[in-house]
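Trainee: Here it is: the structure, laid out below.
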Amino acid sequence: MSRTRIRVLGAAGLAGATLLALSGCGKADMTKQGSPFQAQGGAKSVTLSTQTWVGAQANVAVAKYLLEHELDYHVDTVQVDEIPAWDALSQGRVDAILEDWGHPDQEQRYVKDKKTITAGGGNGVTGHIGWWVPKYWADKHPDVTDWKNLNKYADQLRTSESGSKGQLMDGSPSYVTNDKALVKNLKLDFEVVFAGSEAAQITQIQQFAKQKKPFLTYWYEPQWLFNQVPMVEVKLPEYTDACAEKGAKDPSSIDCAYPTTPLQKFFNTEFAKGGSEAAAFLKNFKWTKENQNEVSEMIASDGLSADEAGKRWVEKHPDIWKKWLPEK
Amino acid sequence: MTAATPTASPATAPDQPGALQAALRSRGLRKILVLAVAAAVLVPLAHAKWSSGTWPSDLTVDLTGPLGRTSDWIIDNRDSHPLFVYFLGHLSNAVVISVRAVYQLLLLLGWTGVTAGVTLVAWRVAGVRIAATALLSFAVSGVLDMWLPTMQTLALMIVAVVASVVVGALLGLAGGLSERLFKILRPVLDTMQVLPAFAYLLPVVLVFGIGVPAALLATVVYAAPPMARLTALGLRGADPGVLEAVSSLGATGRQRLLTARLPLARKELLLGLNQTIMMALSMAVIASMIGAAGLGDRVYQALASVDVGAALAAAVPIVLLAIVMDRTTAAAGERMGADPVARGPKLLRGWRAWAGIAVLTALVTAAGRLAGSTVWPSGWTVAIARPVNDFKEWMVDHLYSGVPVVGGTADWAAHFTSWVLDPLRDGLTALPWWGALLIVAALSWLIGTWRTALTATLAMAAIGVLGVWKPSMNTLSQVLAALAVTLVLGFAVGILAAGSKRLEAILRPVLDVMQTMPQFVYLIPVVALFAVGRAPAAAAAVVYALPAVIRITTQGLRQVDPAAMESARSLGATRWQTLRQVQLPLARPALLLAVNQGVVLVLAVVIIGGLVGGGALGYDVVTGLATGDLALGLVAGVAIVCLGLMLDRVTQPTQRRTTGKGA
């Protein structure tokens with residue numbers, strides 16, 4: 001028995017030493033590792049990150065279609081949450097993020113300090129976060145669209161999850177939200193219930209709408225769901241720079257509305273400086289909220305695949321995308 | 001603690017004589033007495049020092065600082081530190097190269113070659129029926145227009161399973177040969193299995209970046225433990241008589257291992273392989289959250305656009321792959337012991353069969369390449385997304401509310417939340433922390449030894465120390481409620497299935513699908529039916545844990561000695577009496593195992609519940625991953641491990657050490 005053990009341990013030691021010897025023979029750059037499923041050598045390829053919201057998928061769908069059909073690239077897409085996507089971008093696993101909603105910490109670390117990521121300018125769409133109620137409900141109670149009157153309606157918004165308070169529904173944990181602080185600082189009789197993912201939140205909103213039930217939800221524009229479920233924004237205390245500054249120091253003190261954010265593109269620095277057609281094209285990529293929603297709705301509401309939706313939009317709007325193509 | 005009741009009674013093995021039972025009972029009383037005395041001394045002290053009911057803040061450790069610094073260090077040094085450049089980088093490269101090699105091979109074979117090869121191998125090792133299943137499965141994944149993602153997943157799975165088997169077998173070998181290593185290994189394996197995959201996705205991503213290497217390593221961590229466990233079990237369980245005989249023939253230690261112990265353990269080894277494959281496949285979707293590509297990625301992307309139909313189209317090939325691999329390895333295990341004649345005609349045995357398979361596969365591959373494309377022909381596909389979505393809409397419209405008499409699913413969910421989940425959560429949160437520790441200590445001590453009680457209590461205390469007492473109590477309430485539903489349904493269906501062969505046969509494919517269907521697919525329908533919150537999380541957990549409980553219950557009841565049942569019947573017992581007084585008591589170990597598996601599986605889905613509004617620890621883990629917050633995600637993950645350990649000790653009577661230091 002003991003002899004066996006010695007042998008086994010010896011063998012394990014030998015195996016470990018072999019691995020060390022093998023791996024010791026050279027440097028391995030962690031930033032230079034492609035996906036095993038990439039196209040065969042020689043093909044030009046780009047990797048784009050798509051986030052879980054449909055607007056981001058719409059950007060990628062159109063960019064992918066044009067890269068593949070106009071510029072002959074092979075395009076890989078990777079679905080990751082925002083912060084891991086920044087990390088992937090800095091490592092070169094992903095070449096571009098086409099829609100970022102503002103991550104000052106990450107920008108500081110990767111764009112300013114490490115310089116592994118390069119800002120790519122706006123994508124033309126302006127994002128806005130806020131609180132929304134369904135139009136069918138706001139029509140009946142017009143004063144619900146001001147936060148000062150929300151407590152009056154807390155009763156109607158009660159669910160089994162929010163208990164004795166009204167329910168304010170939030171979405172994915174990766175989204176920028178101050179709702180807990182807002183509810184506390186504005187002394188609202190509400191409980192923030194996190195749906196946990198955008199998919200769950202959309203499903204719940206659709207369900208409420210089908211029943212014509214009142215609800216209050218954290219939501220954002222541009223978003224295709226507005227076409228299906230018309231919603232009215234609830235006015236929050238006005239956004240000011242002073243309030244934003246206070247919030248930057250202590251997030252729990254925020255007591256004003258969310259800012260409007262021009263959505264930004266970010267590129268891996270090597271990719272951006274590499275002078276490829278793809279980089280030039282993605283830098284030029286810039287459209288409008290209406291354009292994006294057109295694609296988003298095809299994907300999310302009409303049940304088209306992202307590729308198909310991208311194709312249809314491209315076929316319909318050559319005037320818009322022709323300007324994005326790099327000059328030969 | 002409603003859910004613990006099935007097992008809370010003092011441990012009494014059914015075959016022990018009455019006198020010992022009485023002694024055990026009084027021993028249980030003695031244990032309670034000791035605890036009561038300890039409580040009487042300690043509780044006033046604790047109360048005087050920290051008078052709060054929740055965990056005192058003096059007794060917590062904040063890990064945010066150190067964990068945050070760790071993650072910063074990794075990000076800053078990832079591209080330069082020798083550990084990464086000379087070791088982890090190569091590991092990552094090796095993964096990419098091997099997965100790429102397998103993927104290229106699969107593409108080279110083309111759809112004809114892969115389908116033919118897999119079908120022939122299944123025929124060779126498992127028989128005609130399973131070969132037909134394999135053929136059909138690959139055809140279906142092609143028809144669903146999922147050929148390329150299926151090949152990507154297959155490539156990843158092949159490499160992951162090989163790696164898991166190698167790692168698991170080495171660990172198991174060590175544990176099987178050395179008592180001391182076995183003792184060290186057990187808690188490690190426990191942790192690997194209970195730690196929610198979500199919790200270590202983040203550290204893995206930090207080190208390897210998103211992509212295939214990270215996904216593969218996370219899969220190995222998850223899938224290697226069953227192989228290790230079963231290898232160790234097989235080696236330790238080898239018949240001492242045979243070993244004695246081999247030694248007396250003068251075999252050395254290594255000869256004994258290779259000629260006797262390993263061959264004797266081959267059934268366990270194959271079962272280990274089988275389990276590893278299933279675990280690896282169940283990680284396919286979760287790993288897609290860190291960029292694993294393939295089928296899982298299709299499921300995950302479909303979830304983001306709330307498209308159940310598209311998610312199902314990608315999930316069906318996963319389920320089929322799992323069923324084919326499960327059946328093939330299971331059948332291979334069964335055939336191993338059978339005599340050669342039963343294995344079919346001579347032509348299908350030995351090297352000749354393998355050579356035949358190779359030649360035939362090559363021929364079919366060539367034919368496929370000559371005929372045209374190597375990927376599935378695009379004309380031969382069927383789009384199922386639309387009809388599936390329509391069906392889901394129809395179902396939700398008709399079940400959500402206003403169903404006569406029984407009420408709609410939304411009403412059930414609301415009632416379940418306010419009548420079961422809320423009181424349970426409020427009760428557990430209001431329970432003073434020392435009270436919770438006492439209950440855990442008492443329960444685990446009553447059915448185990450002081451060691452298990454100590455582990456359970458320490459695990460519970462660790463949750464407090466980590467500063468996540470409140471969310472943990474919330475999670476615990478969800479687990480207990482879901483577990484109660486799972487056990488009630490599972491035992492009921494299991495008992496019915498044990499009584500009827502036909503029902504069992506009908507149930508089998510249903511259970512297969514429930515077990516292998518990625519949870520992400522049914523999250524959306526579950527939310528549509530039960531509204532956002534803790535109720536859909538509980539429902540998802542029940543769906544996931546139910547099959548295992550039903551299976552183990554059925555099997556346990558089936559294995560009860562027929563003679564005992566016969567004698568009961570001959571004494572005039574009704575079917576109900578036989579069940580209650582003979583079958584159930586004799587199947588007690590199996591039922592306890594079912595409870596235990598229920599705990600583990602329910603706990604695994606609690607994390608996923610974070611995605612549909614389950615809140616608490618699951619939400620923290622998901623948030624940690626989404627926001628790159630190592631401290632938040634990892635601490636919540638560790639708390640889940642602690643909950644798992646505690647529940648395991650409270651529900652599993654220890655047979656390991658019944659004599660000696662107990663009591």
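Trainee: For the cross-link pairs A:Lys135/A:Lys235; A:Lys180/A:Lys283; A:Lys165/A:Lys213, which exceed 26 Å when the distance is taken from alpha carbon to alpha carbon? Working shown, then result.
Mentor: Details: A:Lys135/A:Lys235 14 Å; A:Lys180/A:Lys283 37 Å; A:Lys165/A:Lys213 16 Å.
In this structure, A:Lys180/A:Lys283 exceed 26 Å between Cα atoms.
Trainee: Over region A:128-260, what is the relative contact order in whole percent, taking alpha-carbon pairs under 8 Å and six or more residues apart?
Mentor: Working: 216 pairs, mean separation 50.9, N = 133.
Averaging sequence separation for qualifying contacts and normalising by length gives 38 percent for region A:128-260.
Trainee: Starting from the Cα gyration tensor of the protein assembly as shown, take the square roots of the eigenvalues, sort them a ≥ b ≥ c, and report rounded, prolate or oblate (rounded when a/c is under 1.5, otherwise prolate if a/b is larger than b/c, else oblate). Each step should come with its number before you reach the end.
Mentor: Numbers: a/c = 1.56, a/b = 1.18, b/c = 1.32.
Oblate.
Trainee: With a 1.4 Å probe and all protein chains kept in place, how do B:Trp433, B:Trp123 rank by accessible area, largest first?
Mentor: Values: B:Trp433 20, B:Trp123 110 Å².
In descending accessible area the options line up as B:Trp123, B:Trp433.
Trainee: For B:Ile495, A:Ile202, give me the order by solvent-accessible area with a 1.4 Å probe, most accessible first, ignoring ligands, DNA and RNA. Numbers along the way, then the final one.
Mentor: Working: B:Ile495 45, A:Ile202 0 Å².
My answer, sorted largest first, is B:Ile495, A:Ile202.
Trainee: With a ≥ b ≥ c taken as the square roots of the eigenvalues of the C-alpha gyration tensor of region B:395-654, please select rounded if a/c is under 1.5 and otherwise prolate if a/b is larger than b/c or oblate if it is not?
Mentor: Numbers: a/c = 2.04, a/b = 1.26, b/c = 1.63.
In terms of gyration-tensor shape, oblate.
Trainee: Next question, about the same structure. According to the square roots a ≥ b ≥ c of the eigenvalues of the Cα gyration tensor, what is the shape class of chain B, taking rounded for a/c under 1.5, prolate for a/b larger than b/c otherwise, and oblate for the remainder?
Mentor: rounded
Trainee: Using a 1.4 Å probe on protein heavy atoms only, how many Å² of accessible area do A and B hide from each other, summed over both chains and rounded to 100? Numbers along the way, then the final one.
Mentor: Values: alone 17240 and 31370 Å², together 42690 Å².
Buried area (both sides, nearest 100 Å²): 5900 Å².
Trainee: Tell me which residues come under 5 Å, amide H to amide H, from A:His74 once H is placed; ignore anything under 5 positions away on its chain.
Mentor: Placed amide hydrogens put A:Lys44, A:Ser45, A:Val46 under 5 Å from A:His74.
Trainee: Let me ask you something else. Which whole-number value in Å² is the accessible area per residue of region B:421-562, probe 1.4 Å?
Mentor: Details: 4820 Å² over 142 residues.
Using a 1.4 Å probe on heavy atoms only, each residue of region B:421-562 averages 34 Å².
Trainee: In peptide A:53-65, how many Cβ atoms from other protein chains are near each Cβ within 10 Å, on average?
Mentor: On the way: counts 2, 3, 0, 1, 3, 0, 0, 0, 0, 0, 0, 0, 0.
Across the residues of A:53-65, the mean count of other-chain Cβ atoms within 10 Å is 1.
Trainee: Another question, then. Quick one: if you stick a label point 7 Å off each Cα along the C-beta vector at B:Ser500 and A:Lys184, how many nm between them?
Mentor: For B:Ser500 paired with A:Lys184, the spin-label model returns 5.6 nm.
Trainee: Continuing with the same structure: Considering every residue in B:553-559, what mean count of other chain Cβ atoms within 10 Å of its Cβ is obtained?
Mentor: Numbers: counts 0, 0, 0, 0, 0, 0, 0.
Partner-chain Cβ atoms within 10 Å, mean over residues of B:553-559: 0.
Trainee: Let me ask something additional. When the helix-only estimate is applied to the protein assembly as shown (DSSP H runs of n ≥ 4, each -39,500 (n - 2.57), divided by the residue count), what is the mean residue ellipticity at 222 nm, nearest 500 deg cm²/dmol? Numbers along the way, then the final one.
Mentor: Details: 42 runs with 629 residues, N = 991.
Helix-only estimate at 222 nm: -21000 deg cm²/dmol.
Trainee: Within region A:174-268, which trypsin sites (Lys or Arg not before Pro) sit in a loop by DSSP and count at most 10 neighbouring Cβ atoms inside 10 Å? Don't skip to the end; give the middle numbers.
Mentor: Working: sites: A:Lys180, A:Lys184, A:Lys187, A:Lys210, A:Lys212, A:Lys235, A:Lys246, A:Lys249, A:Lys265; in loops: A:Lys187, A:Lys212.
Taking region A:174-268 and a limit of 10 other Cβ atoms within 10 Å, the loop trypsin sites (Lys or Arg not before Pro) found are A:Lys187, A:Lys212.
Trainee: Could I ask something else about it? Could you sort B:Val316, B:Val299 by their accessible area in this structure, using a 1.4 Å probe and putting the largest first?
Mentor: Values: B:Val316 40, B:Val299 0 Å².
Final ranking, largest accessible area leading: B:Val316, B:Val299.
Trainee: When the convex hull of the Cα atoms of region A:128-260 is projected onto a plane and the area is averaged over all directions, what value comes out in nm²?
Mentor: Values: hull surface 30.4 nm².
Across all orientations, region A:128-260 yields a mean hull projection of 7.6 nm².
Trainee: May I pose another question? Enter the mean number of other protein chain beta carbons within 10 Å of the beta carbon of each residue in B:527-537, as an integer.
Mentor: Values: counts 11, 6, 2, 1, 9, 17, 11, 3, 2, 5, 1.
Average neighbour count from other chains, rounded to a whole number: 6.
Trainee: Taking a 23 Å limit on the Cα-Cα distance, which of the listed pairs A:Lys44/A:Lys316; A:Lys152/A:Lys187; A:Lys273/A:Lys323; A:Lys273/A:Lys311 fall beyond it? Intermediate values should be presented prior to the final figure.
Mentor: Details: A:Lys44/A:Lys316 27 Å; A:Lys152/A:Lys187 12 Å; A:Lys273/A:Lys323 21 Å; A:Lys273/A:Lys311 29 Å.
Exceeds cut-off: A:Lys44/A:Lys316; A:Lys273/A:Lys311.
Trainee: Pulled fully out, how much extra length does the chain show between B:Leu83 and B:Ala46, if you take 0.36 nm times their separation in residues and subtract their Cα-Cα distance?
Mentor: Numbers: separation 37, 0.36 × 37 = 13.32 nm, distance 4.59 nm.
Fully extending the segment from B:Leu83 to B:Ala46 adds 8.7 nm.
Trainee: Among the chymotrypsin sites (Phe, Trp or Tyr not before Pro) in region B:388-420, which ones are in a DSSP loop with at most 10 other Cβ atoms within 10 Å of the Cβ? Mind listing them? It would help to have the intermediate numbers written out before the result.
Mentor: On the way: sites: B:Phe391, B:Trp394, B:Tyr400, B:Trp412, B:Phe416, B:Trp419; in loops: B:Tyr400.
Filter output for region B:388-420: empty list.
Trainee: With both partners inside chain A, how many of the DSSP beta bridges are antiparallel, as a percent to the nearest 5? If you can, show how the numbers build up before the last one.
Mentor: Numbers: 19 of 35 bridges.
The antiparallel fraction comes to roughly 55 percent.
Trainee: Something else now. Can you list which of the trypsin sites (Lys or Arg not before Pro) found in region A:40-130 are DSSP loop residues with at most 11 other C-beta atoms within 10 Å?
Mentor: Details: sites: A:Lys44, A:Lys64, A:Arg93, A:Arg109, A:Lys112, A:Lys114, A:Lys115; in loops: A:Lys44, A:Arg93, A:Lys114, A:Lys115.
Here the sparse-neighbourhood loop sites are A:Lys115.
Trainee: Could you give me D for region B:403-520, from Stokes-Einstein at 37 °C and 0.692 mPa s, where the hydrodynamic radius is the Kirkwood radius over C-alpha pairs? Units µm² s⁻¹, please. Please report the intermediate quantities before stating the final value.
Mentor: Values: Rh = 17.5 Å.
Stokes-Einstein gives a translational diffusion coefficient of 188 µm²/s.
Trainee: Oh, and also: Given 0.36 nm per residue, what is the gain on full extension from B:Val37 to B:Ser378 after removing their alpha carbon distance, in nm? Can you show the working numbers first?
Mentor: Working: separation 341, 0.36 × 341 = 122.76 nm, distance 7.47 nm.
Answer, rounded to one decimal: 115.3 nm.
Trainee: If we count every other residue with Cβ under 13 angstrom of B:Leu601's Cβ, Lys/Arg +1 and Asp/Glu -1, where does the sum land?
Mentor: 0
Trainee: Provide, for q = 0.11, 0.15 Å⁻¹, the log10 of I(q)/I(0) from a solvent-free Debye sum over equal Cα point scatterers in chain A.
Mentor: So the normalised log intensities work out to -0.80, -1.22.
Trainee: Under 16 Å Cα-Cα from B:Lys267, which aspartates and glutamates qualify once same-chain neighbours fewer than 8 residues away are excluded?
Mentor: B:Asp239, B:Asp326, B:Glu334, B:Asp339
Trainee: Straight-line reach from B:Lys392: which aspartates and glutamates have a Cα under 18 Å away, not including same-chain ones fewer than 8 places off?
Mentor: Of all the aspartates and glutamates, those that pass the test against B:Lys392 - Cα under 18 Å, at least 8 places apart if same chain - are A:Asp302, B:Asp307.
Trainee: Which net charge results when you count Lys and Arg as +1 and Asp and Glu as -1 among the other residues whose beta-carbon is under 13 Å from that of B:Gly237?
Mentor: On the way: positive: B:Arg229, B:Arg236, B:Arg261, B:Arg266, B:Lys267; negative: B:Asp239, B:Glu268.
So the environment of B:Gly237 carries a net charge of +3.
Trainee: Around A:Thr126, with a cut-off of 9 angstrom between Cβ atoms, what is the net charge of the other residues, counting Lys and Arg +1 and Asp and Glu -1?
Mentor: Once positives and negatives cancel, what remains is 0.
Trainee: For a 29 Å ceiling on Cα separation, which of these pairs sit above it: A:Lys64/A:Lys212; A:Lys212/A:Lys265; A:Lys115/A:Lys286? Each step should come with its number before you reach the end.
Mentor: Values: A:Lys64/A:Lys212 38 Å; A:Lys212/A:Lys265 38 Å; A:Lys115/A:Lys286 24 Å.
Correct reply: A:Lys64/A:Lys212; A:Lys212/A:Lys265.
The values are calculated or read from the model by the stated rules, or taken from the named source; none is laboratory data. Every value quoted in this text rests on a predicted model; they were computed, and no experiment measured them. Virtual Cβ from ideal backbone geometry, glycine too; neighbours counted across all protein chains shown. Please note that ligands, DNA and RNA were not included when accessible areas were found on the heavy atoms of the full protein model with its side chains. Shrake-Rupley method; radii C 1.70, N 1.55, O 1.52, S 1.80 Å.
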